[in-house]
1. Determine whether VAL98 is in contact with a strand residue (DSSP E or B) (Cβ under 7 Å, 6 or more places away or on another chain) and more than 16 Å from GLY80 (Cβ to Cβ).
2. Among the helices (runs of 4 or more DSSP H) lying completely within the range 191-297, list those that include at least 3 residues that are assigned by TED's automatic domain parsing to the domain that holds SER404 and buried (at least 20 other Cβ atoms within 10 Å of the Cβ).
3. Within the range 36-43, identify whether any single residue is hydrophobic (A, V, I, L, M, F, W, C), at pLDDT 95 or above and in contact with a Ser or Thr (Cβ under 8 Å, 6 or more places away or on another chain), and answer yes or no.
4. Mind checking which pairs have a first residue in the range 129-149 that is over 18 Å from THR101 (Cα atoms) and a second that is crowded, with 19+ Cβ neighbours inside 10 Å and of a type in the set (Asp, Glu), Cβ under 8 Å, 6 or more apart or different chains?
5. Can you pull out the helices (runs of 4 or more DSSP H) entirely within the range 1-119 that have at least 2 residues that are within 30 Å of ARG179 (Cβ to Cβ) and not hydroxyl-bearing (Ser, Thr, Tyr)?
6. Take the range 12-55 and flag every residue that is crowded, with 24+ Cβ neighbours inside 10 Å and either within 14 Å of GLY338 (Cβ to Cβ) or touching an Asp or Glu at 6+ places or on another chain (Cβ under 8 Å) (or both).
7. Only residues in the range 1-24 that are within 17 Å of VAL81 (Cβ to Cβ) count as the first member; pair them with residues that are part of a loop (DSSP other than H, G, I, E, B) and modelled with pLDDT under 95, Cβ under 7 angstrom, at least 6 apart or cross-chain, and list the lot.
8. Might you check whether a residue that is more than 22 Å from PHE337 (Cβ to Cβ), touching a Phe, Trp or Tyr at 6+ places or on another chain (Cβ under 9 Å) and either surrounded by 23 or more Cβ atoms within 10 Å (Cβ to Cβ) or of a type in the set (Asp, Glu) (or both) occurs anywhere in the range 303-315?
Amino acid sequence: MKSEMERVVVTGMGVASPLGITIPDYWDVLLAGQSGVEELDDDEFGGLRTKIGARVTGYTELDHFSRKEARRMSRSSKLGVLAAVQAVNAANIANGDVDQTEVGVLVSSSIGGFSASDHFYRDYYLKGTASPFIIPISMNHGPSTHISIRYGFQGPLLNLDAACASAAHSIGYVFSLIRSGVLKIGLAGAADSPFSRGVMEAWCALRALSERNNEPATACRPFSADRDGMVLGEAAGVFILEAESSACQRGVPILAEVVGYGASSDSSHLTQPTQEGPVFAMQRALTSANITAEKIDYINAHATGTKWGDSNETTAIKQVYGEFAYDTPVVANKAAFGHSIAASGALELAGCILSLRDQILPPTINYTTPDPECDLDYVTEGSRAHSMEYVMSNSFAFGGSNASLIIRKYRPVLN
């Protein structure tokens with residue numbers, strides 16, 4: 001192992017999102033302040049308390065998968081492969097220049113196994129039939145598995161399930177492996193889809209979802225006083241993380257540098273976050289990056305549009321950033337593409353990297369009414385040109401798992 005820590009860079013990324021299934025489409029729609037939330041008009045969702053969600057459209061499965069593959073893959077796995085293909089092509093790691101046996105895959109999923117197995121169990125309890133596909137299709141490490149099989153990657157393969165913080169922890173874990181010299185290249189991110197009757201029914205019972213069924217596009221309202229809950233989405237986001245020395249040797253473009261990762265536990269309530277957990281995650285990310293809070297030029301918030309969560313995150317940001325909290329823009333993206341559980345942090349980090357590239361912030365949409373408890377700069381007027389070098393992205397999950405990532409504009413060290 002090297003005595004000096006490796007710099008960790010991003011050399012490729014891909015998305016499959018309700019806003020688009022390519023990076024350019026996703027970015028254009030996010031900057032335009034448009035929403036991918038729509039009515040769930042399938043018979044399967046009839047009678048639910050909440051009948052809106054953000055789904056991935058605009059592609060034909062058989063253009064990307066054989067019939068045999070499609071039958072053996074969950075929706076989450078398919079979305080994960082769609083995103084991974086873009087990332088692998090961008091980083092050019094499917095060629096003979098990269099040792100495939102040393103490429104790790106950690107593309108996580110959290111709820112995808114539940115939604116994938118739902119109809120299998122329904123058939124079993126109603127008809128007494130069982131399918132041999134139920135176990136392989138419902139495995140939550142399916143996205144990593146199918147990506148690995150497609151490309152022959154034989155490095156570490158696993159699923160890191162931390163609910164809504166899964167993507168951020170996956171990226172942070174691969175970042176840590178590369179930084180310490182254990183791994184040179186890894187695919188990190190997440191893919192998730194909650195859209196089955198049973199899973200949707202469970203979320204409705206939890207009363208965490210917005211019930212504005214007659215206005216899907218404006219239903220989720222992060223930081224706005226009239227917010228009434230989250231909107232579920234599905235998505236995948238995959239990144240190629242690589243040691244700087246490897247990327248430079250291969251001569252591939254570098255999109256950004258990952259410099260910090262902080263993780264913490266609330267050790268408290270299953271569904272109501274504490275302030276201490278998010279504070280610890282942000283502080284640890286800053287320590288990991290060896291910078292202070294005033295260096296952060298933009299915070300991408302977890303902000304789901306719930307009464308408790310948004311105000312709690314705002315208070316935590318104030319505690320960490322102090323006097324700089326009011327000068328640091330905070331953006332919430334979930335009003336645009338929904339909350340895709342494990343994958344949300346991946347879509348958000350993709351937006352952060354694009355913000356660094358273009359020096360522009362996407363807007364927090366659907367903000368209508370000021371809330372005295374949420375009084376930071378949420379970029380509600382539309383996209384905004386903004387000078388940035390460091391960006392923090394937050395992901396806070398049910399169960400109390402918290403993760404914060406810090407990326408920076410890549411600057412090579414000149415000899």
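The values are calculated or read from the model by the stated rules, or taken from the named source; none is laboratory data. What you see is a predicted model, and the numbers here were worked out from it, not measured in a lab. We place every Cβ from the backbone using ideal geometry, glycine too, and count neighbours over all the protein chains shown.
1. Values: in contact with a strand residue (DSSP E or B) (Cβ under 7 Å, 6 or more places away or on another chain): yes; more than 16 Å from GLY80 (Cβ to Cβ): yes.
Spelling it out, VAL98 is indeed in contact with a strand residue (DSSP E or B) (Cβ under 7 Å, 6 or more places away or on another chain) and more than 16 Å from GLY80 (Cβ to Cβ).
2. Working: elements: 197-206, 244-250, 276-289.
Result: 276-289.
3. Just the residues of the range 36-43 that are hydrophobic (A, V, I, L, M, F, W, C), to begin with: 37, 40.
Checking which are at pLDDT 95 or above leaves us with 37, 40.
Filter once more, keeping what is in contact with a Ser or Thr (Cβ under 8 Å, 6 or more places away or on another chain): none.
Taking every residue of the range 36-43 in turn, none turns out to be hydrophobic (A, V, I, L, M, F, W, C), at pLDDT 95 or above and in contact with a Ser or Thr (Cβ under 8 Å, 6 or more places away or on another chain).
4. ASN140/ASP161
5. Numbers: elements: 23-32, 67-71, 75-91.
Of the helices (runs of 4 or more DSSP H) lying wholly inside the range 1-119, those with at least 2 residues that are within 30 Å of ARG179 (Cβ to Cβ) and not hydroxyl-bearing (Ser, Thr, Tyr) span 23-32, 75-91.
6. Residues satisfying the conditions are VAL15, ALA16, SER17, PRO18, LEU19, TYR26, LEU30, GLY36, VAL37, ILE52, GLY53, ALA54.
7. Between residues of the range 1-24 that are within 17 Å of VAL81 (Cβ to Cβ) and residues that are part of a loop (DSSP other than H, G, I, E, B) and modelled with pLDDT under 95, the close pairs are ILE21/GLY58; ILE21/TYR59.
8. no
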